[in-house]
1. Can you give me the accessible area per residue for region 174-267, using a 1.4 Å probe, in Å²?
2. Just to be sure I follow the rule: in region 102-246, considering lysines 8 or more places apart or on different chains, how many pairs have Cα atoms under 17 Å apart?
3. By average Cβ neighbour count within 10 Å, what is the ranking of 354-364, 123-133 from highest down?
4. Ordering ARG147, ARG485, ARG494, ARG332 from largest to smallest accessible area (1.4 angstrom probe), what's the sequence?
5. Please work out how much length the chain gains when fully extended from GLU185 to MET394, using 0.36 nm per residue of separation minus the C-alpha to C-alpha distance, in nm with one decimal.
6. Which length gain, in nm to one decimal place, applies between ARG129 and ASP163 when the Cα-Cα distance is subtracted from 0.36 nm times their residue separation?
7. Can you give the FRET efficiency to the nearest 0.05 for GLU472 and GLU290, using r as the Cβ-Cβ distance and R₀ = 60 Å?
8. Roughly to the nearest percent, how much of the accessible area of region 470-526 is carbon and sulfur, given a 1.4 Å probe?
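The values are calculated or read from the model by the stated rules, or taken from the named source; none is laboratory data. Predicted, not measured: the structure shown is a model, and the values here were computed from it. Cβ: placed from backbone, ideal geometry, glycine included. Neighbour counts: every protein chain shown. For the accessible areas, the whole protein counts, side chains as well, though only heavy atoms, and no ligand, DNA or RNA atoms are used. Shrake-Rupley method; radii C 1.70, N 1.55, O 1.52, S 1.80 Å.
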Amino acid sequence: MSKITEEISRRRTFAIISHPDAGKTTLTEKLLLFGGAIHIAGAVKSNKIKKTATSDWMEIEKQRGISVATSVMGFNYGDYKINILDTPGHQDFAEDTYRTLTAVDSVIIVVDVAKGVEQQTRKLMEVCRMRNTPVIIFVNKLDREGRDPFEILDELESELKIDVRPLSWPINIGAKFKGVYNIYEETLDLFTPDKQKVSERVEIEDLNDPRIDEAVGEADARKLRDDIELIEGVYPDFDENAYLAGRLAPVFFGSALNTFGVKELLDCFVKIAPSPKPVVAQERQVEPSEDNFSGFVFKIHANMDPNHRSCIAFVKVCSGKFERNAPYRHIRSGKIMKFAAPTAFMAQKKNIVDEAYPGDIVGIPDNGNFKIGDTLTEGEILHYKGLPSFSPEMFKYIENTDPMKSKQLEKGIQQLMDEGVAQLFVNQFNGRKIIGTVGQLQFEVIQYRLLHEYGAQCRWEPLSLYKACWIESDDAEALEAFKKRKHQFMAMDREGRDVFLADSNYVLQMAQSDFPKIKFHFSSEY
């Protein structure tokens, strides 16, 4: 087995996704705890403890207690190298999450036992389904009152449209929660509410072992046996191939805050989750085990370090071995580039790396050379695909409130737009800049970051628009006629493409019927 094949087989690259508040960042921390990457779990939400979560490190995240940018963290666990991408759960940052899903091989979905499946989770599951990404579900917060586990399983099946198979099972929930029986390993773990240490494991032979009765009491032991019998009768046996094909989701139960049920999830995950898979480029399918390096930029982050105005492009390695200082071709510009200081992340701690393998995420310092979706190779012309920008749903004019700082504002807007947080359109009629986002919270984040990272002040002015759509036509005259007629509603995006700003659904429908030769697109990938 070649070195590269061996490295690929030990890689597990996955994203953790969920609705806000389901406990995603807490779960990420606990996984890092088992990987020995951090030594103390901080209570994420509590302001009393100043050790905020390792993966939420942008200033605004610490204030709000929410994750707004995807964090990348790598660590070793046993023989495996694990790369976690912790994504924002808040729907205003869904774009960032969709993009992250293009860079992972599998996904863990966190569901709150009391709330069940929420809207945002459904949307994210659709993205996983489009790509046949394998999914494991972790039902969290079992130490709080919640719904019956069987009811949760039914809801997961109907809402996420996927077959499920429990691989662990809770003994009661809420105040009476006693522990979890691990169906996959046939072990019993007893619960003690403690955020820093892992609960005790009871050695048992099988489900009929009297030690279970001693540990949890006869009534609960009897109920556990009945539940497991029901599970074996109702749910199909766990089929690893169905999981890898994205048709079956294994389900684990636990409490991330109390570090309970997390190790079971991790142990099973490293065994069954896929190592990096082939990636489809426009030209051909690229196998991870190929000799030549290739990778793509799936995210750009401005100001990782507030002391240095630097952007970092996150590159997912798709094939071959990435090496520091080796010459790579930037496909879009045709330039040959060398990277002297590529980094790997442990949340905010960056270490310079000399090599990286498929499945790894490498941070490359960026002075404006990269855009999201750019491909790097050893020379072959490849274009990795599948990184769309969607039409924004909210729009505001952005105005400079400090004329002395217009350069800083320009630069700030450029860099933040490079991150893909929001989209910039310039109105062709009055030359004003319009920012489009998918949620209200992004306007606050942009304003906050412009002030704190660039020293630029802006204010927002209301703008009532329904949709921005990219337009094109094979008939140049028809396009010209459309732009003349709608000149007050025409804008350009950063690529110089024509964008029509429709102020209502009715106006959009009328435009579509009056101008049959114009094609209207609602995502920038056309």
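1. Roughly 49 Å² per residue, with all protein chains present.
2. Within region 102-246, the lysine pair count is 11.
3. Averaged packing, sorted descending, gives the order 354-364, 123-133.
4. Greatest to least solvent exposure: ARG485, ARG332, ARG494, ARG147.
5. 70.3 nm
6. Stretched out fully, the ARG129 to ASP163 stretch lengthens by 11.0 nm.
7. Details: r = 35 Å, r/R0 = 0.59.
Rounded to the nearest 0.05, the efficiency is 0.95.
8. C and S atoms contribute 50 percent here.
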